[in-house]
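Undergrad: Dropping the structure in here first, questions after.
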Amino acid sequence: MVSAVWNDATIAASDKTVIVDGNHYFPPEAVDHTRLEGSDHSSVCPVKGRARYYHVRVGEECNLNAAWAYPNPTPRAKAIRDHVAFWKGVEVA
């Protein structure tokens, strides 16, 4: 089981993550979406497509743009459609 934890809160947990470029992408049903807030930030990967970012909130603490997903990935990255990955201090193990 792989978990994504920040500020002692589990944001996601699954034994069905997809690993791409060293990142664990959690399936949507494994993510606590109440801890995610939409961000205006996005980025483009030539292999995966346009990523949409989320802030991670635990209590009063907010980790800006600490999660991302590919709602419309390229055909090569279709396995991670709507899956969520984490960084910026979110411990994934």
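Undergrad: Taking 2.2 N^0.38 Å as the expected size of a compact globular protein, what ratio does the Cα radius of gyration of region 7-93 give against it, to two decimals?
TA: Numbers: Rg = 12.2 Å, N = 87, 2.2 N^0.38 = 12.0 Å.
Region 7-93 yields a ratio of 1.02.
Undergrad: Calculate the spin-label point distance for C45 paired with A13, positioning each point 7 Å from the Cα along the beta-carbon direction, and give it in nanometres.
TA: Here the modelled spin labels are 2.6 nm apart.
Undergrad: I'd like the Karplus ³J(HN,Hα) series for region 21-26: coefficients 6.51, -1.76, 1.60, θ = phi - 60°, whole numbers in Hz, and an x wherever there's a Gly or Pro.
TA: My calculation for region 21-26 gives 6, x, 9, 7, 9, 8 Hz in order.
Undergrad: Local charge sum around S3 (other residues, Cβ-Cβ under 12 Å, Lys/Arg +1, Asp/Glu -1)?
TA: -4
Undergrad: Hey, in the GNM for the chain with a 10 angstrom Cα cutoff, which one of V47, V20, V58 fluctuates hardest?
TA: V47
Undergrad: A further question on this structure: With every protein chain left in place, what is the accessible area per residue of the chain in square angstrom, probe 1.4 Å? Before the final figure, lay out each step's value.
TA: Numbers: 5350 Å² over 93 residues.
That works out to 58 Å² per residue.
Undergrad: Right, next: What residue among H55, H41, H24 shows peak mean-square fluctuation when the chain is described by a Gaussian network model with Cα springs under 10 Å?
TA: Result: H41 has the largest fluctuation of those listed.
Undergrad: I've got another one for you. Remind me, relative contact order of the chain in percent, using alpha carbon pairs under 8 angstrom and six or more residues apart? Each step should come with its number before you reach the end.
TA: Working: 197 pairs, mean separation 26.3, N = 93.
Here the relative contact order equals 28 percent.
The values are calculated or read from the model by the stated rules, or taken from the named source; none is laboratory data. The shown structure was predicted, so the numbers you read here are calculated from the model rather than taken from an experiment. Note: ideal-geometry Cβ built from the backbone for every residue, glycine included; neighbour counts use all protein chains shown. Accessible surface areas use protein heavy atoms only, side chains included; no ligands, DNA or RNA. Shrake-Rupley method; radii C 1.70, N 1.55, O 1.52, S 1.80 Å.
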